[in-house]
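The structure appears right after this line, and notes come after that.
None of the figures in this text is laboratory data; all of them are computed from the coordinates on show. As the structure is a computational prediction, the values presented were derived from the model and not from experiment. Every residue, glycine among them, receives a Cβ derived from its backbone with ideal geometry; neighbour counts consider all protein chains shown.
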Ligand code: FES
């Protein structure tokens with residue numbers, strides 16, 4: 001997931017909406033600081049590491065927690081009728 005989880009202001013005592021980081025890249029964790037925008041191009045089933053300032057992708061590897069079948073492109077639908 002590369003977008004924050006937003007908690008509506010009406011649900012919070014102080015009336016201020018907050019965004020919770022779901023990407024793990026925020027320097028204000030657990031709050032989103034917008035750094036997730038760097039991860040928009042990430043592919044499913046891959047793990048990315050970034051430079052300290054987040055400006056550069058250092059490595060891209062297979063995510064060992066994702067079964068190989070979950071990283072393949074699904075077959076096309078239709079075309080037989
Ligand atoms: S969701 Fe992680 S920085 Fe925004």
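Can you sort 18, 7 from fewest to most other Cβ atoms within 10 Å of each residue's own Cβ?
In order of increasing Cβ crowding within 10 Å: 7, 18.
Which whole-number percent gives the relative contact order of the stretch 5-68, counting Cα pairs below 8 Å spaced six or more residues apart?
Dividing the mean separation by the residue count of the stretch 5-68 yields 18 percent.
At what distance in nm do the modelled label points of residue 59 and residue 8 sit from each other, each positioned 7 Å from its Cα along Cα→Cβ?
About 4.3 nm, to one decimal.
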